[in-house]
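Q: Sharing a structure below in structure tokens format, with a few things to ask.
The values are calculated or read from the model by the stated rules, or taken from the named source; none is laboratory data. This one's a predicted model, so the numbers in the text were calculated from it and none came from an experiment. Neighbour counts run over all protein chains shown; Cβ positions are idealised from the backbone, glycine included. Keep in mind that these areas ignore ligands, DNA and RNA; they rest on the heavy atoms of the full protein, side chains included. Shrake-Rupley method; radii C 1.70, N 1.55, O 1.52, S 1.80 Å.
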Amino acid sequence: MAKEGQTAGLDGMVGALKKTGQKGPPPVHLWNPPYCGEIDMRIAADGTWFYQKTPIGRAALVKLFASVLKREGERYFLVTPVEKCGITVDEAPFLAVELALEQPDPTAEHRSGGRLLRFRTNVDDWVTAGPDHPLRFEPEPATGGLKPFLHVRRDLWAKVTRALFYDLVELGEERDVDGARMFGVASGSAFFAMAPADSIAGLRD
């Protein structure tokens, strides 16, 4: 019965989202519906979405759910105008799977910066790293390396794949940050420090 109830709730959520007729990203930050409990949905560390232990094979459905994902503290929810359901996220809700280098538009506001780093996520959102979408690099004690993440929106982050991380290391440079020599990568006018410059040999290994 629990699974039947969850399926009905999921169908209701999909129906509620379709009824909004929303053009563009849903205004999730404006929705504050009542909490309706947890549903058996999980986003694995590799970016795969599961419902009742089964991978969700429909890309359009994954993108729909991703568009209404909301984070509150360390908890994640799917939100519609009428309900809010908790889900499980193993590491990060998104995965950055493609990197494109782009020269800035000289007529745009960010024209003072240099090359831009644009990332495509596993749900086909394109995000340009910068002040509003920073990169962060967390130590990985098990390997002695770093785990890179990109801010997508509203405290929702994408884990950057290992292959793209190696690309970022190749694009890296040294700069002085708060009196310390740091190795990192630039996107536009923003610089994202990875580690002290004297440790870059380990990053390149």
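Q: Please list, ordered by chain and number, the residues whose modelled amide H lies under 5 Å from the amide H of T128; skip anything fewer than 5 residues away on the same chain.
A: Placed amide hydrogens put F119 under 5 Å from T128.
Q: Using the Karplus equation 6.51 cos²θ - 1.76 cosθ + 1.60 (θ = phi - 60°), what ³J(HN,Hα) coupling, rounded to whole Hz, does each residue of the stretch 194-199 give in order, writing x for Gly and Pro?
A: Karplus-based 3J(HN,Hα) across the stretch 194-199 equals 9, 6, x, 4, 6, 10 Hz.
Q: Further, regarding this structure: Using a 1.4 Å probe on the protein heavy atoms, what percent of the accessible area of the stretch 69-191 belongs to carbon and sulfur?
A: Whole-percent figure for carbon plus sulfur exposure: 47.
Q: Please compute the length gained on full extension between R136 and N32, using 0.36 nm multiplied by the number of residues separating them and subtracting their Cα-Cα distance.
A: The R136-N32 span can extend by a further 34.5 nm.
Q: Leaving out ligands and nucleic acids, note down the accessible area per residue over the stretch 53-205 with a 1.4 angstrom probe, in whole Å².
A: Value for the stretch 53-205: 51 Å² per residue.
Q: May I pose another question? Using packing as a proxy for protection, rank 180-193, 72-85, 46-59 so that the peptide with the highest average count of other Cβ atoms within 10 Å comes first.
A: Those peptides, ordered most packed to least, come out 180-193, 72-85, 46-59.
Q: How far apart, in nanometres, would the label points at A163 and E98 be if each is projected 7 angstrom from Cα along the Cα-to-Cβ direction?
A: 1.2 nm
Q: Let me make sure I get this right: for the stretch 113-200, a, b and c are the square roots of the gyration tensor eigenvalues over alpha carbons, sorted descending. Under 1.5 in a/c it's rounded, otherwise prolate if a/b > b/c, else oblate. Which is it?
A: oblate
Q: Stretched out fully, how many nm does the piece from S189 to L171 gain, at 0.36 nm a residue minus the Cα gap?
A: Length gained, S189 through L171: 5.0 nm.
Q: Apply the Karplus curve 6.51 cos²θ - 1.76 cosθ + 1.60, θ = phi - 60°, to the phi angles in the stretch 136-142 and return the couplings in whole Hz, x for Gly and Pro.
A: 10, 10, 9, x, 10, x, 4
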